[in-house]
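Below is one structure, written out as structure tokens, with a few remarks after it.
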Amino acid sequence: MHRRFLLAALPVLAATRAGAQASPAVQLFQVRTQRGEVLLGFTPQQLAALGSGPEVERIARRIAEAGQVTAWRYAVGRAPDGSTRLATRDRVAVMRQEAVTVEPYRPALPVVPPPTE
């Protein structure tokens, strides 16, 4: 199972490593699962805790080796001023059995940093 997941992620690893640059406080990654797609946000500290290498590879490795990764799920919402933005919705865990691909996501909207933990 580990090999199959990592092979599915390889084409993504060849893609740009830039990720979401709209907010340096968080990088967004789109994870395709058997049930659909989920947009996950990781702070630089969370990504650093996943080890070294390209960010996508760190996330894929964590899912493959630990069996899951937990992160903030992001969704489109309204800011207090009425503008549209991407903000945290809830904490979710993506399980190895469900994950298919992980890829950087470049948002067209402003991204709100996650709550401090």
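The values are calculated or read from the model by the stated rules, or taken from the named source; none is laboratory data. Please read these numbers as outputs of a predicted model, since none were measured by experiment. Every residue, glycine as well, gets a Cβ built from its backbone with ideal geometry; the counts of neighbours run over all protein chains shown.
Does at least one position in the range 39-49 carry a residue that is aromatic (Phe, Trp, Tyr), surrounded by 12 or more Cβ atoms within 10 Å (Cβ to Cβ), touching a Pro at 6+ places or on another chain (Cβ under 7 Å) and under 18 Å from Arg106 (Cβ atoms)? Working first, answer last.
Step one: of the range 39-49, the residues aromatic (Phe, Trp, Tyr) are 42.
Subset that is surrounded by 12 or more Cβ atoms within 10 Å (Cβ to Cβ): 42.
In the following step, the residues that additionally are touching a Pro at 6+ places or on another chain (Cβ under 7 Å) were identified as none.
Within the range 39-49 (the criterion being aromatic (Phe, Trp, Tyr), surrounded by 12 or more Cβ atoms within 10 Å (Cβ to Cβ), touching a Pro at 6+ places or on another chain (Cβ under 7 Å) and under 18 Å from Arg106 (Cβ atoms)), the answer is no, since none of the residues qualifies.
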Problem - Where Arg85 falls short, out of the listed (1) touching a strand residue (DSSP E or B) at 6+ places or on another chain (Cβ under 9 Å); (2) part of a loop (DSSP other than H, G, I, E, B) - result: (2)
Handout entry: Single match in Ala71, Ala99 (criterion: modelled with pLDDT under 95, within 15 Å of Val31 (Cα to Cα) and not polar (S, T, N, Q))
Key = Ala99
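Looking at Arg91, is it buried (at least 18 other Cβ atoms within 10 Å of the Cβ), among the charged types (D, E, K, R) and out of contact with any Lys or Arg (no Cβ under 6 Å at 6 or more places or on another chain)?
Numbers: buried (at least 18 other Cβ atoms within 10 Å of the Cβ): no; among the charged types (D, E, K, R): yes; out of contact with any Lys or Arg (no Cβ under 6 Å at 6 or more places or on another chain): yes.
It is false that Arg91 is buried (at least 18 other Cβ atoms within 10 Å of the Cβ), among the charged types (D, E, K, R) and out of contact with any Lys or Arg (no Cβ under 6 Å at 6 or more places or on another chain).
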Practice task
Would you confirm whether any residue within the range 102-114 is at pLDDT 95 or above and of a type in the set (Ser, Thr, Tyr)?
Solution key: yes
Exercise for the section: Go through Pro44, Pro113 for me and flag whichever is in contact (Cβ under 8 Å) with a residue 12 or more places away in the chain, in contact with a Ser or Thr (Cβ under 8 Å, 6 or more places away or on another chain) and not small (Gly, Ala, Ser). Expected result: Pro113
